[in-house]
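Peer 1: Take a look at the following structure, please.
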Amino acid sequence: MKNRPIISFLFLVVLPFALFCQNASEAPGAGAPLLSQNERMAWWREARFGLFIHWGLYAIPAGEWKGETDYGEWIRHSARIPLETYDEFAPQFNPVDFDARAWVRLAKQAGMKYIVITSKHHDGFCLFDARNSEFDVMSTPFKRDILKELSGACREEGMKLCFYHSIMDWRHPDYLPRRPWETDRSAQGADFSRYIDYMKAQLKQLVTEYGDIGVLWFDGEWEETWTHEYGKDLHDYVRSLAPAIIINNRVDKGRQGMHGMTLEGGDYRGDFGTPEQEIPDTGFPGVDWESCMTMNRHWGYNKNDTVWKSSEDLLHKLADIASKGGNFLLNVGPMANGQFPPESVERLEAMGRWMAVNGESIYGAEASPLGAFDWGRVTLKREAEGFILYLHVFDFPESGQLHLPGVANEAEKAYLLAAPHTALDVRREEDALVVNLPAQPLDTINTVIVLQCRGPVAIYPLPEVKVESGIFVHQGKLEVEQPALPDISVHYTTDGSEPSPNSPKYSEPLVFSESTMVKVRLFRDGQPASGLLSRKLEKVSPWPAGAEKGAQPGLQYAYYEGVWKSVAELKQAKAKQTGAAGAFSLAPRQRGDHYGFEFNANLFIPADEVYRFFTRSDDGSRLFIDGKLVVDNDGLHGAREIMGQAPLARGWHSIRVLYFEGDGSDELKVEWQPPGGEKGPIPLENLSF
Ligand code: FHN
């Protein structure tokens, strides 16, 4: 309990009244019946666009520490700042220019419908008057409950307020694990379940005393102390406090790294997936997801970070995400004085100008089955008698026309969203609707065209053609994912000609022993119902086996320390340690960041075939076979998996993997997939040196 001078007064007079108010101010809906997923998600799916705010003590150093200038909200960990030293930022935190109403209006004018702000980030500092912690904004010179003020401003402006709350807590004595470098902070006596009670008490305060909270955006769930059981319990606890609240998938353990989507098949909790700093290639029918992104390179304010995404890029990302049925959570890292960086304000205002005219093409948009086009994106909205396709034209094609393949519906009309009186010609060409563009774009960033179509959606995307790989050594196989629609048939050719209703009808996988160009098309009542799809399967010769079996199983490694942005820079480094290993493991590392590895071995290939290789790494990695680059997963990035393939002859080949870690999370996983086999680690018996 906070020990404040007026505590006795509280108990005597105020506290009973406060308790009455607290009960009275229980989150709207506490105790109300649970909503269905669709009821709960309705406002969020309509919103499509929100503001992420990362703000806390880290805004004071603003990314700089002892001459290094590339830090953000992770500065305490990445710069290894001792607890006591970091705490010295608290008496410096006095954002005298903070104006909650101004923040909310900036978000509103940008066309955003919700705000997600860090109530507590990994450093443990609370931006609100936390009853169970002194490490909060009330213990700074500012002495104002920032989240309470934001709650009031959001209520007045009709903005949904949401909280980002970190499960990982680098400060609380009961949170484990400690930071690897914090050898001076004993974990003796730490009680993780006591930490969970502490976190739940804060969440109850946030969810029941700060008005109608739209989303609890958890993060920091990846450490081994947080389990699936804890995740389910925490999710259910929050849901018991506010049945209508939306909870992201980082409350539990089902998130697949920075891709953000929830592993299928488990009972992982979370209402939506959370891709981070990336946009999925396609939408996921029936799955809610939100891409969160920074405007520059940092979440927390970094005064030296000048790598800003342009307003044009951000608006294109917004349309791309909406065209796949996702939400865009765009971040601002406010400065220590409480203001948004001017570069952020400039982008919010530019996005707001576009949204003011074109917002209806984003809000409530569904994933369009048409996929992405060179010229732009398409969002879809259903209506009583049909549906609307919003054509987001980033670049006007020279042809002056937009070609929309596979749309069986008849067009009602087409016009410019920003100038509804301008009718545009639209006609049918086989399976496609073709829209004539005006001579000039109305908006140089994204001109939106409204295409009204009749009847229920009858859009047939390109048939999904599946091949294990575009190359083969002995036999190539091609499968077509047939749409389960009664009036649709798939026809194909293998001589390079265009399929017709009289071409062979696809019924089972096709197998080839020579290089072949396959062309596939959907037909409906004898008419083309999709665009044309071509796939080349190429017969190749396997790379000869030029290595020998090594004297012993396993691989050799060299360990390096340094700061790099690419694995290519490792070759200038001097190894700190070398040795033998039984797997591509980071275990020999001597620190948590700024280090690298080179792994070398000979790899036994059992048969002349095409083999797939994968690296999943945070940060960069590359994989070479016989000195040739097969997987390029290099660069500074979150956990990311890249696949490469190589045609290899039976026998021994050389394999080399390079890896480096910048700062933050680190991960390396090297796997292979023999033809027809399972993806997994390369067996030790296939490695030698
Ligand atoms: O570690 C955090 C990071 O600081 C930031 O909050 C992002 C934004 O979601 N999430 C984690 C990194 O994945």
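The values are calculated or read from the model by the stated rules, or taken from the named source; none is laboratory data. The structure presented is a predicted model; accordingly, all values stated were derived computationally and were not measured. So basically every Cβ, Gly included, is an ideal-geometry build from the backbone, and we count neighbours across all protein chains shown. Areas reflect the complete protein model, heavy atoms only, side chains present, ligands, DNA and RNA absent. Shrake-Rupley method; radii C 1.70, N 1.55, O 1.52, S 1.80 Å.
Peer 1: Limited to segment 75-120, what total is found for residues that are part of a helix (DSSP H, G or I) and open to solvent by 20 Å² or more (accessible area, probe 1.4 Å)?
Peer 2: So the count comes out to 12.
Peer 1: Another question, then. Mind checking which strands (runs of 3 or more DSSP E) fall wholly inside segment 590-689 and carry at least 3 residues that are within 16 Å of the ligand (Cβ to nearest atom)?
Peer 2: Output list reads 609-618.
Peer 1: Return yes or no: is SER541 among the polar types (S, T, N, Q) and either at pLDDT below 95 or open to solvent by 50 Å² or more (accessible area, probe 1.4 Å) (or both)?
Peer 2: Taking the combined requirement at face value, the residue satisfies it.
Peer 1: Conditions first: (1) closer than 22 Å to SER78 by Cβ; (2) in contact with a Lys or Arg (Cβ under 8 Å, 6 or more places away or on another chain); (3) modelled with pLDDT of 95 or more. ARG185 passes all but one, so which condition is the exception?
Peer 2: Against the list (1) closer than 22 Å to SER78 by Cβ; (2) in contact with a Lys or Arg (Cβ under 8 Å, 6 or more places away or on another chain); (3) modelled with pLDDT of 95 or more, ARG185 comes up short only on (3).
Peer 1: Moving on. Need pairs with beta-carbon distance below 9 Å; first residue within 18 Å of ARG589 (Cα to Cα) and open to solvent by 20 Å² or more (accessible area, probe 1.4 Å) and within segment 644-663, second of a type in the set (Val, Ile, Thr) and in a loop (DSSP other than H, G, I, E, B); sequence gap 6+ or separate chains.
Peer 2: Close Cβ pairs (under 9 Å, with a partner that is of a type in the set (Val, Ile, Thr) and in a loop (DSSP other than H, G, I, E, B)) amount to ASP663/VAL563.
Peer 1: Turning to a different aspect of this structure: Take the conditions away from the ligand (no atom under 13 Å from the Cβ) and touching a residue at least 60 places away in the same chain (Cβ under 8 Å) and apply them to ASN304. Does it pass?
Peer 2: In short, yes.
Peer 1: Another question, if that's okay. Conditions: (1) away from the ligand (no atom under 16 Å from the Cβ); (2) within 18 Å of GLY300 (Cβ to Cβ); (3) part of a loop (DSSP other than H, G, I, E, B). ASP123 meets all but one. Number of the miss?
Peer 2: Only one criterion is unmet by ASP123, namely (1).
Peer 1: Same structure again: Counting only residues that are of a type in the set (D, E, K, R) and either within 13 Å of the ligand (Cβ to nearest atom) or surrounded by 22 or more Cβ atoms within 10 Å (Cβ to Cβ) (or both), which one in segment 48-74 is farthest from LYS120 (Cα to Cα)?
Peer 2: Looking at residues that are of a type in the set (D, E, K, R) and either within 13 Å of the ligand (Cβ to nearest atom) or surrounded by 22 or more Cβ atoms within 10 Å (Cβ to Cβ) (or both), I get ARG48.
Peer 1: For segment 243-285, give me the residue count where each residue is of a type in the set (Ser, Thr, Tyr) and surrounded by fewer than 21 Cβ atoms within 10 Å (Cβ to Cβ).
Peer 2: We begin by selecting, within segment 243-285, every residue of a type in the set (Ser, Thr, Tyr); these are 262, 268, 274, 282.
Of the ones still in play, those that are also surrounded by fewer than 21 Cβ atoms within 10 Å (Cβ to Cβ) are 268, 282.
Residues in segment 243-285 being of a type in the set (Ser, Thr, Tyr) and surrounded by fewer than 21 Cβ atoms within 10 Å (Cβ to Cβ): 2 in total.
Peer 1: Here's another thing I want to ask about it. Taking the stated definitions as given, is TYR164 without any contact (Cβ under 8 Å) to a residue 60 or more places away in the chain and surrounded by 21 or more Cβ atoms within 10 Å (Cβ to Cβ)?
Peer 2: no
Peer 1: Also, I was wondering about something else. Condition test on VAL540, is it of a type outside the set (D, E, K, R) and over 30 Å from PHE689 (Cβ atoms)? I'd like the intermediate steps shown before the answer.
Peer 2: Details: of a type outside the set (D, E, K, R): yes; over 30 Å from PHE689 (Cβ atoms): no.
Answer is no for this residue.
Peer 1: Still on this model: Which residue pairs have Cβ atoms closer than 7 Å, lie 6 or more positions apart in sequence or on different chains, and pair a first residue in segment 262-282 that is of a type in the set (D, E, K, R) and part of a loop (DSSP other than H, G, I, E, B) with a second residue that is within 13 Å of the ligand (Cβ to nearest atom) and open to solvent by less than 50 Å² (accessible area, probe 1.4 Å)?
Peer 2: Every condition considered, the pairs that remain are ASP271/ASN248; GLU278/MET258; GLU278/SER291.
Peer 1: Within segment 408-467, track down each residue that is open to solvent by 50 Å² or more (accessible area, probe 1.4 Å) and not in a loop (DSSP other than H, G, I, E, B).
Peer 2: Those that are open to solvent by 50 Å² or more (accessible area, probe 1.4 Å) and not in a loop (DSSP other than H, G, I, E, B): GLU412, LYS413, PRO420, HIS421, ALA423, ARG427, ARG428, GLU429, ARG454, GLU464, LYS466.
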